[in-house]
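One structure below.
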Amino acid sequence: MAVIQARGLGKVYAGKPAVDDLSFDVQPGSVTGFLGPNGAGKSTTMRLMLGLDRGAGSTTFDGVPFTSLHRPMNRVGTLLEANPFHPTRTARNHLLMLALANGVPASRVDEVLEQLGLATVARKKPRTFSMGMGQRLGLAAALLGDPDTLILDEPANGLDPQGVHWIRDLLKGFAATGRSVFVSSHLLSEMALMADELVVIGRGRLIASGPVGDFVKTSTRNAVVVRSPQADELADLLRREGATVERIEPGALSVVGMEPSRVGDLAFEASIRVHELAHRAATLEEAFLEATQDAEEYHAEVSRAVEDTS
């Protein structure tokens, strides 16, 4: 099964780096989420990986560049465009053309049409498809060669909630067979449910790479929530012990930099009553926004007029 190794990827547009010395690995048996703000260079990175853009660095699939793979569709399935098909060719004929060009049996076309829920529209032209149906056809093409690896750019675009749930199960099931999935998405709540590993970039540079849980643990939004009728006294005690303490509401504190057990022990030793003691885990969205706050290409601002009317 394919190990993806990207090394020193780089691309410059009009003198501005879109991707800058980017290196990471994608291991088999996992769904690796590819995250970054708009303009971070995710789509360019994927094109560089597949040799579709010229630039610095290299990417190999079990040691072989994509452009050197024999019948690459049988090794790496890709979906990089929203409508990667001829609008006047039927869905089945579109897939049949790809199958014949890549030595894939025609019977496989009907298998993926059924798998992707497209059997009833197989003889319709994709120009009549909704965006979600077009995404399904693109995924069918990516799966056509029964590849070891999937590289997908925003595959859930246009899908309804049921479709998003379906693609999550599809990709997790694909990875569970020991194969590799590298997928970008802006749906962070969905990525939190689907991804095992993350590659996070900003302004074309690597911000983080590794397990989702490790990335989320770096967020300062991880905190201990404690409620006490002696909250002020407890806050002073915890600050003296090195914790960062913030009042979140009357009688309730958010404590960063200290484990719940330590908070409880200190309160007990000081005879401070505690009514609630709980760990609040950061979400992937909170961790992502915090990690990329200095790497956003565009910042939206609330106008003064709007603020004045609030």
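Every read-out reported here was derived from the displayed coordinates using simple, explicitly stated rules and does not represent laboratory data. Since this is a predicted model, take the numbers as computed values, not measurements. Neighbour counts are summed over all protein chains in view; Cβ atoms, including those assigned to glycine, are modelled from backbone coordinates with ideal geometry.
In the elastic network of the chain, a GNM with C-alpha springs shorter than 10 Å, the most mobile of LYS124, LYS42, LYS11 is LYS124.
In the chain, inverting the average of 1/r over every pair of distinct C-alpha atoms gives 22.1 Å as the Kirkwood radius. Extension gain, ARG205 to ASP232, is 5.4 nm, computed as 0.36 nm per intervening residue step minus the present C-alpha separation. Couplings 3J(HN,Hα) for the stretch 116-129, derived from phi with the Karplus relation 6.51 cos²θ - 1.76 cosθ + 1.60 (θ = phi - 60°), are 8, x, 10, 4, 6, 10, 4, 9, 9, 8, x, 5, 8, 7 Hz, where x marks Gly and Pro. Only Lys, Arg, Asp and Glu carry charge here, each on its Cβ (+1 for the first two, -1 for the last two); on that basis the chain has a dipole of about 1560 debye about its Cα centre. Taken one residue at a time, the phi angles of the stretch 67-81 give Karplus couplings (6.51, -1.76, 1.60, θ = phi - 60°) of 5, 9, 6, 7, 6, x, 4, 7, 10, 9, x, 10, 9, 10, 10 Hz. Gly and Pro are set to x. Each of GLY8, PRO87, SER189 was placed along the dipole of the chain (beta-carbon charges, centred on the mean Cα), and the one lying farthest toward the positive end is PRO87.
Relative to one another, the C-alpha centroids of the stretch 3-20 and the stretch 34-71 are positioned 9 Å apart. Straight-line cross-link partners of LYS11 among the lysines, defined as a Cα under 22 Å from its Cα and at least 8 positions apart when in the same chain: LYS42. Highest mobility in the GNM of the chain, judged by mean-square fluctuation with C-alpha springs under 10 Å and restricted to LEU150, LEU159, LEU237, is found for LEU237. Taking 0.36 nm per residue of separation and subtracting the Cα-Cα distance, full extension of the segment from ASP214 to SER130 would add 26.5 nm.
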